[in-house]
Amino acid sequence: MPSRNIRRFAFAILLFAAFVSGQEISIVGPSSPVSPGSFEFVKVTGLSQTDLDASVVGVVPDQGIMVMPASKAGVQPIVFALLVSKDATPGKRSFTVSRNAWWKDFEAAVVLAQSGAKAEHAKALLGLAAEWKPQYPIVALSVPVEVGGVPPFVPPVVDPVDPNKPQPPPSPNKPNRLTYVYEKDQGNVPKPVAFALQRLNVDSGGSVVASEFEEDTVNAFGQVPAQYKLALEAARSAGLPALVIQSGNVIIRVVKNPTTEAHVLEAAK
Amino acid sequence: MINPALIDVTLDDESGYPPEVAAMDTTDQLRMAAAEAGAIVTDFPEHLWIEQRYWKDAANENDINHTWPADYIDRFTNQGAGNGGYGTHECTAHGYSKNFECAWNRQRRIAVGPPVPRQRNPASANSSSVWISCLSLYAEANSRQWGGAGVRQILQISTRRGAIPDKIQPREYGFKHTLQGTCGAGGINQSRGSWVSVSQFPEGWQETAKHFRPLEYIFPDSYEQTVCLVLHGYAVTVGRDGHCVTYDRWMVDDGVMRYPDSYDVSRYDSVGRIKATVGGSYSIASTVIPDDWDKPAG
């Protein structure tokens, strides 16, 4: 459920939004009237259709996200976003939904008002795409952002590794699939990126599938290859080209327009 | 220093690409054949253009990053005599196989090359590399077995229905349908066997072959474009002087193009020869991609 993921990743203010080719975000005033209309809003416990409450429960220094608020099957795909505020601190925030905020064709602008923090403090947008259908996993996107000014992240204290002690199984969120998604008319895969993908394939001994995917490529049946469906959706939401990092069917993060070997290798950690 | 005897070689006994067939392999004919078979035909993309003064830089970058076409090709094939086989006329299919396999591995982004004659790269076993049967294409292009086939024919056949995997693969995929790779010598990385007609292909072979089809071609129309494609990791297949080969590396200091010839040997074409044979050349930009790289035929 949502709270678990929020705790895990950090502070966040839940906004109803969309990606706008990058991390541009527009903010409307908190008093905008709201008309639910026919739109089915994904419900979060304790919220009305016009107001959002989200708890800021922690912080991370360089990125955050992952909120899974959907509670009703069958709603249309929807996109949320997290607005990171420089002065965000743990605590509860309230937001008012603008009438203009409703999602339009997956390409609408951000539209929620933030009443708990000043707009100029909004630093960046993190996104979460939730395709909420019973047969599909929820897809989460996370875009690295700068959040200067937030309290530093304090890693948990752990015991030194004892070689004689059985080690826990690998983290389920360890990346095992990286896909550089691009549109061929916009350019080729940068060679350092290609090299990094190749290196990951070799160094992992086959446990990581690092590859490229041109968005129009299909399988033998003329469909998007199953192994690239999630990555393609995520990359398109973030804007091509993008590097999509997955752990199984969970998208861990999306890196926009990586160009260096370091971009890829860092993202794979 | 490249042995001059390996540059601009014309094989006296190679007749897999006779002049009357070559005459029909114009760029326009190839474009039409590819389009009719269902492929995307692309003009040379501007973003792939590299000014000649930067070719050396681009080559160095490929050396560093292992992004030559040769880095995505992990085998030589052998259409010649030996190993119980006999000299064949399958060159246009052998040339195609390297171009297709290069595109396949490039998309997967695994550097499994460069190919070494009569050796298997251990990396291939941990990759998604698939080796196709050259015979599965040539047998339809020329049902009489002898006399060769056009570049255009091979391109059209492979685009329309794909190629059957070779009986030898770099790893075990459990393909339902396979075919010997050649009637020639073959080798450690290519199976050999008797001639078969299409009617003798394993029943239901189309179900497997359709997973190994090209999707998009780029047709260079100048020597410079050919070099640029290779510098970007795209193999270029050319038919010329009775033989068909696939360029996989631009030797920038020598000014020649390398190709893994289908006789277990690397040879080279000079600029003069490349210029003379640009018409009728092609590069596979993309292929069908499987739903799972570990199960390339589903």
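What follows is calculated from the coordinates using simple rules that are stated; it is not laboratory data. Since we're looking at a predicted model, the values are computed, not measured. Reconstructed Cβ throughout: ideal geometry from the backbone, glycine too, with neighbour counts over all protein chains shown.
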Check: Say we join alpha carbon atoms closer than 10 Å with springs in a Gaussian network model of chain B; which of B:ASP241, B:ASP221, B:ASP13 then has the biggest fluctuation?
Finding: B:ASP13
Next item on the list: Answer rounded, prolate or oblate for chain B, using the Cα gyration tensor with square roots of eigenvalues a ≥ b ≥ c: rounded when a/c is under 1.5, else prolate when a/b is larger than b/c, else oblate.
Entry: rounded
Notebook entry, point to check: What is the fewest-to-most order of B:ILE188, B:ILE50 by other Cβ atoms lying within 10 Å of their Cβ?
Noted result: B:ILE188, B:ILE50
Notebook entry, point to check: Whose amide H sits under 5 Å from the amide H of B:SER266, counting only residues 5 or more places off or on another chain, with H placed in the peptide plane?
Noted result: B:ASP261
Item checked: Taking B:CYS91, B:CYS183 and counting other C-beta atoms within 10 Å, the order from fewest to most -> B:CYS183, B:CYS91
Check: So which residue, out of B:ASP261, B:ASP57, B:ASP74, gets the largest mean-square fluctuation from a GNM of chain B using Cα contacts under 10 Å as springs?
Finding: B:ASP57
Check: Long-range amide H contacts for B:ILE132: which residues qualify at under 5 Å (H placed 1.01 Å from N, peptide plane, sequence gap of 5 or more or a different chain)?
Finding: B:ASP166
Next item on the list: Using Cβ-Cβ distances only, list the Cys residues of chain B with no partner cysteine under 4.7 Å, sorted by number.
Entry: B:CYS102, B:CYS134, B:CYS183, B:CYS228
Check: With charges set only on the Cβ (+1 for Lys and Arg, -1 for Asp and Glu), what does the dipole of segment B:14-287 come to about its Cα centre, in debye to the nearest 20?
Finding: 720 debye
Notebook entry, point to check: FRET efficiency for A:GLU266 and B:ALA81, Cβ-Cβ distance as r, R0 = 56 Å, nearest 0.05?
Noted result: 0.60
Checklist line | Average partner coverage of A:189-199, which counts Cβ from other chains inside 10 Å | finding: 6
Next item on the list: Rank the residues B:TRP293, B:TRP195 as a footprinting-exposure proxy: fewest other Cβ atoms within 10 Å of their Cβ go first.
Entry: B:TRP195, B:TRP293
Checklist line | Label zone at B:LYS275, where the point sits 7 Å out along the Cα-to-Cβ direction: segment B:224-245 residues whose backbone N lies under 17 Å | finding: B:224-228
Checklist line | Cα shape, segment B:14-147, gyration tensor, a/c 1.5 rule | finding: oblate
Item checked: Selected from B:GLU203, B:GLU90, B:GLU36 as most flexible by GNM, with chain B as the system and alpha-carbon contacts under 10 Å -> B:GLU203
Notebook entry, point to check: What 222 nm value per residue comes from the helices of chain B, counting each DSSP H run with n ≥ 4 as -39,500 (n - 2.57) and dividing by all residues, nearest 500 deg cm²/dmol?
Noted result: -7500 deg cm²/dmol
Checklist line | Relative contact order computed over chain B (Cα-Cα under 8 Å; 6+ residues apart), in percent | finding: 28 percent
Notebook entry, point to check: Quick one: how many lysine pairs in segment B:14-287 have C-alpha atoms under 22 angstrom apart, if they're 8 or more apart or on different chains?
Noted result: 7
Check: Between B:VAL236 and residues 5 or more places away or on another chain, which pairs have amide H atoms under 5 Å apart, with H built 1.01 Å from N, and which residues are they?
Finding: B:TYR247
Next item on the list: Give the residue from B:SER191, B:GLN225, B:TYR247 lying farthest towards the positive end of the charge dipole for segment B:14-287; charges sit on Cβ (+1 for Lys and Arg, -1 for Asp and Glu) and the dipole is referred to the Cα centre.
Entry: B:SER191
Margin query: At 7 Å along Cα-to-Cβ for each site, give me the label-to-label distance between B:VAL116 and B:ARG171 in nm.
Written below: 2.0 nm
Next item on the list: Could I have the simple spin-label model distance between B:MET32 and A:ASP203, label points 7 Å from Cα toward Cβ, reported in nm to one decimal?
Entry: 5.1 nm
